[in-house]
Amino acid sequence: MTTRILVIDDEPINHQLVARALMPLQCEIHYAENGKGGIAQARSVKPDVIITDVMMPDINGYEVTRILRREPQFAATPILVLTAQSGLQDKLKSFESGADDHLTKPFDPSELVVRVTSLLRRVEAVKLSEHKTVLRDGAQMIAVHSLRGGTGSSTLSVNLGVTLTSLWREPTILLDLSMTAGQVALMLNAPLKRTWADIAHYSASDLDADSLNSVVGTHESGLHFIAAPTFPSEVDTLRGETLAAALQIFKTQYEYIVADLPHDFSEFSIQTLDTANVILMVASPDMASIRAMIAAIDTYDKLGYPKDKIKFVLSAPFPHSSLTKEKIETGLGISALATIPYVQDVLVDAINLGQPPVYQKPNELISGLLEDFAFHLSKDAHKKIKPENPTDTWKRVYKRYQAKKK
């Protein structure tokens, strides 16, 4: 089937330059000379890739991208912004609007070919990795929760999601429920194509799998995710019962669900905590974080959660603390299931570059610790039986397990 590419640019000469550059791909190219015309063409042609300029006489390329991203049929269509604007802020605007890539004019024809080819391959990989819609016996749902920011909850959530995906090759989804400052898309270096805001208008009874799946993104590791929007006001109309309905749908489609929760007991948090199989209560070794943890434990108890559902994770975001793990465990009367050590350079670089260490640097010590922790949290049915075709992640976990036995 011939690849269809839509070029939106108000300068006809640029149409010719792009067409000539893409000749090696032998694709079918369609053109539009302004933003509104480009949107109409996209709806008519349904292109495989869209290339848009920014500065156009009616609406700019950022707005074109935003409008198309709101429509489910274009949620996964690659969009490349091709513009003379080369500043960092211009590139950020491209990605914030939902574009997949940004290339500056004048461009090298071979680079444009490489960029478009890469976008097409990424879409094909997503199609191959998309799970079949089958009913499952229930997902293992892990809620990552802390009443205090800065404890590394989002870093833990992202790396658990990526690891569970690579461990078992089973459908796994990561939900960014921190609507005021969600970081999942940033940590996965993913553009904000679709977010929770795109289903905020649905009632619980109207929400179905198709509408829900239209806002699901896919990381190159195969991990699925739903991103939080840029602005909290975008989800003002999202109701708790709609989120509850979404969680129930996901539990029939995925083997693993990881939820990155806000630092509170809001309606969204409680809906998710109620549904979760495991609550990872994350705290750092400082008095403010421990006080927040005491308040969280008390609230979990009042909500009637069984004690074995709650697991304490100690995360060290700074190099030294007078509060040792032993002191904290003794004072609280609860043992830490896992300890995330201080490794500033690796984790800060991971956040800044959008490259989870378990995916980009699997041989780092922190990656090994996170992989082992993800294995520990996996379903018993998965842990007890060696996979028929073990993944590299599984092999690393097993190798470390064998070494500990010796």
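The values are calculated or read from the model by the stated rules, or taken from the named source; none is laboratory data. This is a predicted model, so every value here is computed, not measured. As a convention, Cβ positions derive from the backbone with ideal geometry for all residues, glycine included, and neighbour counts pool all protein chains shown. Calculation scope for accessible area: heavy atoms of the full protein, side chains included, ligands and nucleic acids excluded. Shrake-Rupley method; radii C 1.70, N 1.55, O 1.52, S 1.80 Å.
Results, tabulated for the structure shown:
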item	result
Estimated vicinal HN-Hα couplings, Hz - the range 187-193 in sequence order (Karplus 6.51, -1.76, 1.60; Gly, Pro = x)	6, 9, 6, 10, x, 7, 6
Distant-in-sequence amide H partners of F312 (H built 1.01 Å from N, under 5 Å)	M281, L337
Full-extension gain in nm, Y401 to T117, via 0.36 nm per residue minus C-alpha separation	98.2 nm
Whole-number accessible area per residue in Å² for the range 322-403, which is evaluated in the context of all protein chains at 1.4 Å	61 Å²
Charge sum, other residues only, whose C-beta stays under 15 Å from S321's C-beta, Lys/Arg counted +1 and Asp/Glu -1	+1
Relative contact order computed over the range 252-344 (Cα-Cα under 8 Å; 6+ residues apart), in percent	28 percent
Distant-in-sequence amide H partners of V258 (H built 1.01 Å from N, under 5 Å)	I142, I173, L174, L175
Per-residue ³J(HN,Hα) for the range 53-65, Karplus 6.51 cos²θ - 1.76 cosθ + 1.60, θ = phi - 60°, Hz, x for Gly and Pro	6, 9, 7, 9, x, 9, 10, 7, x, 5, 5, 4, 4
Cut-off 13 Å between beta-carbons: net charge of the residues surrounding D206, Lys and Arg +1, Asp and Glu -1	-2
For S94, net neighbour charge (Lys/Arg +1, Asp/Glu -1) across residues whose Cβ lies under 14 Å away	+1
Contact order relative to length of the chain, as percent, for alpha carbon pairs under 8 angstrom and 6 or more apart	16 percent
Estimated 222 nm signal from helices in the chain, with DSSP H stretches of n ≥ 4 weighted -39500 (n - 2.57), rounded to 500	-13000 deg cm²/dmol
Amide H contacts of A227 (H built 1.01 Å from N, under 5 Å, at least 5 apart or other chain)	W196, G217
Percent carbon-and-sulfur accessible area, the range 113-257, ignoring ligands, DNA and RNA, probe 1.4 Å	50 percent
Correct option for P(r) over Cα pairs in 20 Å bins from 0, in percent [calculated from the coordinates] among (i) 17, 31, 28, 20, 4, 0; (ii) 24, 48, 23, 5, 0; (iii) 26, 53, 20, 1	(iii)
Mean-position separation - Cα centroids, the range 241-307 and the range 18-94, in angstrom	40 Å
With at most 14 neighbouring Cβ atoms within 10 Å, loop GluC sites (Glu not before Pro) (DSSP) excluded, longest segment of the chain	1-219
Karplus-derived HN-Hα couplings along the range 30-36 (A = 6.51, B = -1.76, C = 1.60, θ = phi - 60°), whole Hz, x at Gly and Pro	10, 10, 9, 9, 7, x, 5
